[in-house]
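There's a structure below that I have some questions on.
The values are calculated or read from the model by the stated rules, or taken from the named source; none is laboratory data. If you're wondering where the values come from, they're calculated on a predicted model, not measured in any experiment. Virtual Cβ from ideal backbone geometry, glycine too; neighbours counted across all protein chains shown.
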Amino acid sequence: MAGEGKGAPRVLIINGSPHRAGCTATALAEVARELERAGVACETVWVGNAVKGGCMGCGFCAKNGRCVQNDIVNDLLEKFEAADGLVVGTAVHYASATGSITSVLDRLFYASSFDKRFKCGAAVVSCRRGGASATFDQLNKYFTISQMPVVSSRYWNSVHGHAPEDVRRDVEGMQTMRMLGRNMAFMVKAIALGKEQLGLPEVEPMEWTSFMDEHPRD
Ligand SMILES: Cc1cc2nc3c(=O)[nH]c(=O)nc-3n(C[C@H](O)[C@H](O)[C@H](O)COP(=O)(O)O)c2cc1C
């Protein structure tokens, strides 16, 4: 991992754009630069078009701790477990995250049985024109169901462009990315300190309520 030092906090960055060096990558690189400047080790993984399928709901992961579709998701499981923070970037496709990143995140979060609590999460989206905030909301759902604090910036974390040079000209978007990187560095360090000094809050056993028993069909 770039910027790695002994005991340095780590952030995993996943680029879910179909373009390895496109607009999303340009935004994520700006976040990574600030994280590394603050002494946080970063690794960026481009999932691109490597993933062919979404979650099949087969239950293999519950028994085996990994996905039955043995692809990049299983590599990401280990990296995610070792990370203190996760940044997920996507291009906006039809006002949503890309099919690839949706498949990856559904399977990554469903198959990960390790404790994700208090790993920080941040979403980054790139669109040409519209759908940024809907996509941003979509990605944040993975963090908030997992007790992962969401790191924010001064705006919703989006950049605009059709090509990387457009994104570099999106001065406000790039500033949002730099501030996100700095805020995330602060949050992962602050949470590490908090864990040391306060420990983690108590967890209640899961109450699994599907509203069926209370309302049986006639
Ligand atoms: C299939 C597809 C759907 C898209 N849908 C949208 C959209 O809903 N809104 C938008 O502003 N841009 C849309 N775009 C454009 C990309 O989101 C935008 O150019 C993005 O910045 C590209 O990032 P990338 O270089 O990382 O792929 C779409 C592009 C593709 C290929």
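Would you mind finding the one in ALA21, ALA32 that is surrounded by fewer than 18 Cβ atoms within 10 Å (Cβ to Cβ), under 23 Å from MET179 (Cα atoms) and within 16 Å of the ligand (Cβ to nearest atom)?
ALA21
Residues in region 144-173 that are without any contact (Cβ under 8 Å) to a residue 60 or more places away in the chain, touching a helix residue (DSSP H, G or I) at 6+ places or on another chain (Cβ under 9 Å) and away from the ligand (no atom under 15 Å from the Cβ): how many?
8
Right, another one. Suppose the filter is more than 30 Å from ARG129 (Cβ to Cβ), part of a helix (DSSP H, G or I) and out of contact with any Lys or Arg (no Cβ under 8 Å at 6 or more places or on another chain); does MET177 pass it?
no
Related question: Name the single residue that is farthest from the ligand (Cβ to nearest atom) among those in region 81-108 being assigned to a helix (DSSP H, G or I), crowded, with 20+ Cβ neighbours inside 10 Å and not small (Gly, Ala, Ser).
ARG107
Can you run down the residue pairs with Cβ atoms below 8 Å, 6 or more apart or on separate chains, where the first is in region 54-70 and closer than 14 Å to SER103 by Cβ and in contact (Cβ under 8 Å) with a residue 24 or more places away in the chain and the partner is part of a loop (DSSP other than H, G, I, E, B) and basic (Lys, Arg)?
Every condition considered, the pairs that remain are GLN69/LYS52.
Could you list all residues from region 58-80 that are within 20 Å of LYS116 (Cβ to Cβ) and in a loop (DSSP other than H, G, I, E, B)?
Scanning region 58-80 gives GLY59, GLY65, ARG66, CYS67.
What number of residues within region 44-65 satisfy the criterion of being more than 24 Å from VAL125 (Cα to Cα) and crowded, with 17+ Cβ neighbours inside 10 Å?
Here the count works out to 1.
Please verify whether region 169-186 includes one or more residues that are at pLDDT 95 or above, of a type in the set (A, V, I, L, M, F, W, C) and more than 19 Å from the chain's Cα centre (by Cα).
Looking through region 169-186, at least one residue is at pLDDT 95 or above, of a type in the set (A, V, I, L, M, F, W, C) and more than 19 Å from the chain's Cα centre (by Cα).
Quick one: CYS67 ticks every box in (1) touching a Cys at 6+ places or on another chain (Cβ under 6 Å); (2) under 25 Å from ALA185 (Cβ atoms) bar one, so which box is it?
(2)
Same structure again: Please go through region 35-57 and give me each residue that is within 16 Å of the ligand (Cβ to nearest atom) and part of a helix (DSSP H, G or I), ordered by number.
none
I'd like the full set of residues that are over 11 Å from GLY48 (Cα atoms), touching a helix residue (DSSP H, G or I) at 6+ places or on another chain (Cβ under 8 Å) and assigned to a loop (DSSP other than H, G, I, E, B), limited to region 5-21.
Within region 5-21, PRO9 is the sole residue that qualifies.
Between PHE143, PHE136, which is touching a Ser or Thr at 6+ places or on another chain (Cβ under 7 Å), surrounded by 12 or more Cβ atoms within 10 Å (Cβ to Cβ) and under 23 Å from PHE118 (Cβ atoms)?
Residue meeting the stated conditions: PHE136.
Pairs only if they're at least six apart or on different chains, beta carbon under 8 angstrom, first in region 87-108 and farther than 17 Å from LEU77 by Cβ, second within 15 Å of the ligand (Cβ to nearest atom) and charged (D, E, K, R); list them, first residue then second.
VAL92/ARG128
Contact list please: Cβ distance under 8 Å, first residue in region 13-32 and over 16 Å from THR135 (Cα atoms) and at pLDDT 95 or above, second residue more than 9 Å from the ligand (Cβ to nearest atom) and basic (Lys, Arg), pairs at least six apart or on different chains.
Listed pairs, sorted by first residue: THR26/ARG168; GLU30/ARG178; VAL31/ARG178.
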